[in-house]
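Trainee: I'd like to ask some things about the structure below.
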Amino acid sequence: MSTDLVNSIATVLGIAVALLGAFFFAFWIAMGIWTFNDIRSRTRDWLAIGLACLLTLIFPVVGLILYMMIRPKDSLADVYDRALEEEAILRELEETVTCHHCGVPVKDEWVFCPNCHSQQQYACANCGTLVRHEWDICVRCGTPQAGVDEGYSPPPRQPIDPRVAETNLGYRPVQMGE
């Protein structure tokens, strides 16, 4: 072999090794940057961020695999969204109107509870607007409210024949054990 051919092969191999080295260096830096961005989106603890980046940069592929196994499952945005959803559900539960007598949820416009038949609202003596028990004043005219007449008693419940109820409902409820 001639020296020119050996020099050409050595030059080509040198360029290939340099390109491969540059690729691995860029891959190594990209792993470090990705790890930094990923752990920063999952925690605000700078010690954990630094240790995760060092783990990935000192042990390139093995460190990345270890980091993927021990990293926090949820990002901070996921945790924040979940907290907002929980707060919205709690606020919705707090705003749910319930019967003051039996605690069953009732609609705001209902006058009587369908469960215990207690009166939920009464008419304002001044303007006739429906006023709830817990309100101190009428929302329309501002008249102070003394409360509902306590002489009211719900009508007694009549026993219902289940066969008649099924025909009135239009469907038959599923019975336990069916």
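The values are calculated or read from the model by the stated rules, or taken from the named source; none is laboratory data. Computed from a predicted structure; not experimentally measured. All Cβ positions, glycine included, derive from the backbone under ideal geometry; neighbour counts span all protein chains shown.
Trainee: Looking at segment 46-68, which of its residues are surrounded by 13 or more Cβ atoms within 10 Å (Cβ to Cβ) and of a type in the set (Gly, Ala, Ser)?
Mentor: The answer is Ala48, Ala52, Gly63.
Trainee: Okay, next question. Scanning segment 103-122 for residues that are surrounded by 13 or more Cβ atoms within 10 Å (Cβ to Cβ) and assigned to a loop (DSSP other than H, G, I, E, B), which turns out nearest to the chain's Cα centre (by Cα)? So that I can check it myself, show each step before the final result.
Mentor: From segment 103-122, those surrounded by 13 or more Cβ atoms within 10 Å (Cβ to Cβ) are 106, 110, 112-113, 115-122; that's our starting set.
From what is left, the residues that are assigned to a loop (DSSP other than H, G, I, E, B) are 106, 110, 113, 115-118, 120.
Working: Val106: 25, Trp110: 31, Cys113: 31, Asn115: 31, Cys116: 34, His117: 36, Ser118: 35, Gln120: 33 Å.
Out of the qualifying residues, it is Val106.
Trainee: OK, next. Being among the polar types (S, T, N, Q), surrounded by 10 or more Cβ atoms within 10 Å (Cβ to Cβ) and over 23 Å from Tyr80 (Cα atoms) is the requirement here; does Thr43 meet it? If you could, list the steps in order and put the result at the bottom.
Mentor: Values: among the polar types (S, T, N, Q): yes; surrounded by 10 or more Cβ atoms within 10 Å (Cβ to Cβ): yes; over 23 Å from Tyr80 (Cα atoms): no.
Taking the combined requirement at face value, the residue does not satisfy it.
Trainee: Inspect all residues belonging to segment 5-14 and state whether any of them is over 47 Å from the mean Cα position of the chain (by Cα) and loosely packed, with under 10 Cβ neighbours inside 10 Å.
Mentor: There is at least one residue in segment 5-14 that is over 47 Å from the mean Cα position of the chain (by Cα) and loosely packed, with under 10 Cβ neighbours inside 10 Å.
Trainee: Considering every residue within segment 76-95, establish whether at least one is on the phi < 0 side of the Ramachandran plot, in a loop (DSSP other than H, G, I, E, B) and either touching a residue at least 24 places away in the same chain (Cβ under 8 Å) or of a type in the set (Val, Ile, Thr) (or both).
Mentor: Within segment 76-95, none of the residues are on the phi < 0 side of the Ramachandran plot, in a loop (DSSP other than H, G, I, E, B) and either touching a residue at least 24 places away in the same chain (Cβ under 8 Å) or of a type in the set (Val, Ile, Thr) (or both).
Trainee: Is it true that Cys113 is of a type outside the set (Gly, Ala, Ser), modelled with pLDDT of 85 or more, in contact with a Cys (Cβ under 8 Å, 6 or more places away or on another chain) and outside the structural domain of Trp34 (by TED's automatic domain parsing)?
Mentor: yes
Trainee: With (1) in a helix (DSSP H, G or I); (2) touching a Lys or Arg at 6+ places or on another chain (Cβ under 8 Å); (3) of a type outside the set (Ser, Thr, Tyr) as the list, and Arg42 as the residue in question, which single condition is left unmet?
Mentor: (1)
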